[in-house]
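The values are calculated or read from the model by the stated rules, or taken from the named source; none is laboratory data. Treat the numbers as computed from the prediction; the structure is a model and nothing was measured. Backbone-built Cβ (ideal geometry, glycine too); neighbour counts: all protein chains shown. Heads up: the accessible areas ignore ligands, DNA and RNA and are worked out on the full protein's heavy atoms, side chains in. Shrake-Rupley method; radii C 1.70, N 1.55, O 1.52, S 1.80 Å.
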Amino acid sequence: MKIYVTRHGETDWNVKHKNIKIGNNIKNSSITDDDFIDMNTIGIKQAENLAKQLKNTSIDLIICSPLPRAKQTAEIIVKGRNIPIIFDRDISVREFGEHKGKVADVDFDFTHGFWSYKANIKYKKAENIRDFFNRVYSFLDKIKEKYEDKNILLVTHGSIGIPIYCYFNGIPDDDNLLKYVLENCEIAIYETWIYHT
């Protein structure tokens, strides 16, 4: 079984918030990403290029976040190919709750708090990091069992790349999870086998 993971193509919101000030550093962030924004022309081109890149890749099924930018990306990838798409909220974005629209590491501790697995901070509305990881881990457990003989493409969001990476490689000792955010239309590939006894 191979699991391919990609992030949707670029949106205007990605561009607007591509570089935001986090403390004294410039970082990529999607903390104020609007859930219903569509891809822009660059994002569409990125998805078209990704479709070409995957043209000769054996994909049995696409599992996609239900948000429009992910759906658009998946639809471009399958154009001219007979690949079913199913939608699953378990690979939708992490819920930022009370932090949505705030400035990371200015209004709240984004780098060492919100994205710290070790700190495991609980929030009133935002999705706790371990709850987020457990959601994605349960999803991966489910698809590994259900589609063990298939090659699956997940079309999702940048931050979903973090728990997927950690599922296969473990939580990094340095707790620096943000380096595993997927770029727009970047592909990560994981191979997995199910052993029956």
- line: Considering the range 63-79, residues that are in a loop (DSSP other than H, G, I, E, B) and crowded, with 16+ Cβ neighbours inside 10 Å, and then whichever is farthest from the chain's Cα centre (by Cα), we arrive at LEU67
- prompt: Among the residues of the range 187-197 satisfying the criterion of being within 17 Å of VAL5 (Cβ to Cβ) and modelled with pLDDT under 95, which is surrounded by the fewest Cβ atoms within 10 Å (Cβ to Cβ)?
  reply: GLU191
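Here is a yes/no grid of residues against (1) among the aromatic types (Phe, Trp, Tyr); (2) over 17 Å from ILE91 (Cα atoms); (3) more than 13 Å from the chain's Cα centre (by Cα):
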{"position": "VAL136", "(1), (2), (3)": "no, no, no"}
{"position": "LYS144", "(1), (2), (3)": "no, no, yes"}
{"position": "GLY161", "(1), (2), (3)": "no, no, no"}
{"position": "TYR165", "(1), (2), (3)": "yes, no, no"}
{"position": "PHE168", "(1), (2), (3)": "yes, no, yes"}
{"position": "ASP173", "(1), (2), (3)": "no, yes, yes"}
{"position": "LEU182", "(1), (2), (3)": "no, no, no"}
{"position": "THR192", "(1), (2), (3)": "no, yes, yes"}
- prompt: Which of the strands (runs of 3 or more DSSP E) contained wholly in the range 1-62 include at least 1 residues that are modelled with pLDDT of 90 or more and aliphatic (A, V, I, L, M)?
  reply: 2-7
Candidate set: the range 123-177, residues that are small (Gly, Ala, Ser) and part of a loop (DSSP other than H, G, I, E, B); chosen: the one surrounded by the most Cβ atoms within 10 Å (Cβ to Cβ): ALA126
query: Restricting to the range 159-192, what's the tally of residues that are under 18 Å from PHE133 (Cα atoms) and acidic (Asp, Glu)?
result: 3
field: Condition check for GLY97: in contact (Cβ under 8 Å) with a residue 24 or more places away in the chain, surrounded by fewer than 18 Cβ atoms within 10 Å (Cβ to Cβ), among the small types (Gly, Ala, Ser) and out of contact with any Leu (no Cβ under 7 Å at 6 or more places or on another chain)
entry: yes
message: Six or more apart or on different chains, Cβ atoms under 8 Å: show the pairs whose first residue is in the range 43-70 and among the hydroxyl-bearing types (Ser, Thr, Tyr) and whose second is part of a helix (DSSP H, G or I).
response: SER65/LYS71; SER65/ARG89; SER65/ILE91; SER65/ILE160
- request: Select from the range 100-112 the residues that are assigned to a helix (DSSP H, G or I) and surrounded by 16 or more Cβ atoms within 10 Å (Cβ to Cβ) and list them in ascending order.
  value: PHE110, THR111
- request: Would you check if ASN184 is in contact with a helix residue (DSSP H, G or I) (Cβ under 8 Å, 6 or more places away or on another chain), on the phi > 0 side of the Ramachandran plot, modelled with pLDDT under 95 and not aromatic (Phe, Trp, Tyr)?
  value: no
- prompt: Would you say SER138 is closer than 27 Å to GLN72 by Cβ, modelled with pLDDT under 95 and of a type in the set (S, T, N, Q)?
  reply: no
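Return the residue satisfying two criteria in turn: it lies in the range 80-94 and is outside any helix (DSSP H, G or I) and among the basic types (Lys, Arg), and of such residues it is least open to solvent (accessible area, probe 1.4 Å). First the steps, then the outcome.
The initial filter retains those residues of the range 80-94 that are outside any helix (DSSP H, G or I), namely 80-88, 92-94.
Add one more test, that the residue is among the basic types (Lys, Arg), and what stays is 81, 94.
Details: ARG81: 69, ARG94: 4 Å².
Across the range 80-94, the extreme among qualifying residues is ARG94.
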